[in-house]
Structure formats: C-alpha cells, structure tokens
Amino acid sequence: MYKATFPGRFKSLAEISEFVSRAINEIGFDETTAYMILVAVDEACTNIIEHAYGGEGQGDIQCSCDVTEDLVKITLRDRGEPFDPTTVPEPDFSVPLQELNCRGAGLVLIQKIMDETNFESTPDGENVLTMIKRK
Amino acid sequence: MDISTKQFRRCDLVKAEGRIDSNTAPEVRDAFEAITEDGRFRIVFDMSEVTFISSVGVWVLLETQKTCKRYNRGDLVIANVNEKIQHTLDLAGLLTFFRIYDDVLEAVGSF
C-alpha cells in the first residue's frame, strides 16, 4: 500500500505522477497503459484543485495506491466541494473549432482509461475518488 | 520546462521538452501567444521531447488552433507525437482538429 499527501497545487502534479508511477511499476503494465493511468490521475488531481477546491492552495490531496498481482486501485481524497460527474457534459468534438469547449475532457479521459471509476462524498466532508485499472 | 522557438520563412517551430500539465501549460501558451500576437499563424509544434500532456495542455493547443484558423489565416500542426500520447488523446477525440506529421521536416514542408 502506497500512501502520501500532497498540497493541492499544480506543482504537486509531477510529484503525484512519480509517486503513482512507482506503485504501478510493481505490476508491470505495458508502457502505454502505465502512461494512461498517469494521465487519468493527473486529470483527476487537476479537477480536484480546480473544481473541488476552486483553485490552488486551498487544501490537500491524499493519494493511495493498492497494488495486487493484476490490478491497481488508486484512491484520491480531498475536502473540497463534492463532485457529481453526471453534471459534467461530455465535450462535443463534432462542433466547429471556434465553438469548441473542452470542459469535461479530463473526466472523459479518466472514465475511458480506467476500468472502474467511483466518486463518493462522505458525511464528514471528504470526497473519495476510487479508480481501478486491471492488467 | 524548456521551450524553444524558431522562425522559418513560411512558419514557426515550437519545441517543448518534458511534461505539459496544469503547472506548465501556461508556459506553452505564452510561447504560442508570442508568435500569434506577432501576426504569425502558421506553427509547427514539435512534440518529440514531450513526455506527458494532459487535457489542459491539449486545450492550450486547441485555443492556439482557434487563433491560427480564425479568418482562414493559418494552422497549428503537430509533429513527432509519440504513440502512447497519441493513443491516449485519441480516446477523448482531442486530436480531431490537428494535422499530425511523423517528422518536423514534413510538417514544416506542409506550409
């Protein structure tokens, strides 16, 4: 079990990526899958900083990685605003370029990359995002 | 992060090295804006040394593409994007609005 807490700042993203990278190296994902997991984690942490906390320096992100022989379970915890993924529209790339709005692209990436994604808010004000990727 | 730019007769080349995430994307945006604000709208983005790009980074490219394409003036094209980055971005349709070339010479020659 890997567990660490990072300040909710964009500067933390590279450190979080390195931390998760160490954990998933144990499983031996292929290079592309390992990369994609790091993208999903980056997108999730960016969303926490931007949307849950409403900006940098408002709170921490706790990251834990449970590694088994054939999967990794990554859990991100924050104490910002609760997040309901059903309220985020999927970006529409069929519109003309000038009308394109990219909001929601990070969430689409997370959901397409990971095998399971679950958002929960606990009664004591913690948001828990659990993401699972199988080998 | 390291970003270099080079001006050719028919286009500008931008090369970034390392990780493009929410922390570093503003630096990439500044490099593109320096070119478009100078009235040049044909740009090649060399991604050979880019090791990571998030959707925030791609959004910088899309915003730059909007500027370049406005009034049919120009184009931002991508060169040397590695397979894992391309595969990941394709999952979300994020590369829909770019021409992609295997190498810089070909990309520069497209203008």
Legend entry - Single residue of the range A:66-91 satisfying the filter (surrounded by fewer than 13 Cβ atoms within 10 Å (Cβ to Cβ) and hydroxyl-bearing (S, T, Y)) that is modelled with the highest pLDDT: A:T68
Legend entry - Residue among A:V72, A:V128, A:V67, A:V88 that alone is more than 14 Å from chain B (Cβ to nearest Cβ), more than 16 Å from A:T33 (Cα to Cα) and aliphatic (A, V, I, L, M): A:V128
Inset, instruction - Would you confirm whether any residue within the range B:82-92 is more than 10 Å from chain A (Cβ to nearest Cβ), without any contact (Cβ under 8 Å) to a residue 40 or more places away in the chain and among the aliphatic types (A, V, I, L, M)? - result: no
Inset, instruction - Taking the residues in the range A:19-44 that are polar (S, T, N, Q) and under 20 Å from A:V108 (Cβ atoms) as candidates, determine which candidate is farthest from the other protein chains (Cβ to nearest Cβ). - result: A:T33
Inset, instruction - Within the range A:20-35, track down each residue that is surrounded by 15 or more Cβ atoms within 10 Å (Cβ to Cβ) and more than 21 Å from B:V50 (Cβ to Cβ). - result: A:A23, A:I27
Inset, instruction - Could you please give the count of residues in the range A:1-18 that are surrounded by fewer than 19 Cβ atoms within 10 Å (Cβ to Cβ) and either assigned to a helix (DSSP H, G or I) or away from every other protein chain (no Cβ under 11 Å) (or both)? - result: 10
Inset, instruction - Working only within the range A:101-124, note down all residues that are within 14 Å of chain B (Cβ to nearest Cβ), modelled with pLDDT of 90 or more and assigned to a loop (DSSP other than H, G, I, E, B). - result: A:M114, A:D115
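The values are calculated or read from the model by the stated rules, or taken from the named source; none is laboratory data. This structure is a prediction, so every number in the text was calculated from the model and none was measured. Counting neighbours? That spans all protein chains shown, and the Cβs are built from the backbone with ideal geometry, glycine included.
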